[in-house]
1. For an R0 of 35 angstrom, estimate the FRET efficiency from the Cβ-Cβ distance between Leu24 and Ser129 and round to the nearest 0.05.
2. In whole angstrom, how far apart do the alpha carbon centroids of region 1-48 and region 99-129 sit?
3. Using the Cα atoms of region 102-153 to build a convex hull, what is its mean projected area in square nanometres?
4. Given R₀ = 25 Å, FRET efficiency for Asp36-Lys59 by Cβ-Cβ distance, to 0.05?
5. Relative contact order for the chain using alpha-carbon pairs under 8 Å, separation at least 6, rounded to a whole percent?
6. When DSSP assigns beta bridges and you keep just the ones with both residues in region 1-149, what percent turn out antiparallel, to the nearest 5?
7. Evaluate the charge dipole of the chain about its Cα centre and quote only its size in Debye, nearest 20, assuming +1 on the Cβ of each Lys and Arg and -1 on the Cβ of each Asp and Glu.
8. Fully extended, how many nm does the chain gain between Met1 and Glu68 (0.36 nm per residue separation, minus their Cα-Cα distance)?
Amino acid sequence: MLEYQLTTDSYEATEQLGSKIADLLKAGDVVVLNGDLGVGKTTLTRGLARGLGIKRNVKSPTFTLIREYKDGRVPLYHMDAYRLESSPDEDLGFDEYFNGDGITIVEWPQFIKDEIPADHISINIKRLSDTKREVTFKLHGDSFNERGFGKLV
């Protein structure tokens, strides 16, 4: 497992990082986002969507669980598993997303940890100040090693 760490110093920088990450992703990739409420998980996802060419406004899927964006170079599936804490055994068809034609982003992955594929990218966002964030990438699986994630830092 490779690990990289960097710091962003603004909302815009976090969104730009998401756009750069999009350039390194392909259909079938799963990215899990960890971090406290309001730390920038959806901001990073919004940038990732822009990097994929998605024009629609990206919102947190907290109340819908899964938002689908299909107008980019590949579909983006944005999940929020927070509400599944009390019912983790519910079958929502995660395999169809994780093994499908798009890129899947999962916020609050700890609530569906048994569903997350072994090959995935884990991104932890930590608040350092009002605007500054520490972003740590962990690449789980050989398929990510050659893609250039180290160039992001």
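Every number here is computed from the coordinates shown, using simple stated rules; none is lab data. Quick caveat, the model's predicted, so the values are computed rather than measured. Neighbour counts are summed over all protein chains in view; Cβ atoms, including those assigned to glycine, are modelled from backbone coordinates with ideal geometry.
1. Using R0 = 35 Å, I get an efficiency of 0.80.
2. 11
3. Quarter of the Cα hull surface area: 4.8 nm².
4. FRET efficiency, Asp36 to Lys59: 0.85.
5. So the answer I get is 35 percent.
6. Roughly 60 percent of the DSSP beta bridges within region 1-149 come out antiparallel.
7. With only Lys, Arg, Asp and Glu charged at Cβ, the dipole is about 780 debye.
8. So the extension gain works out to 21.2 nm.
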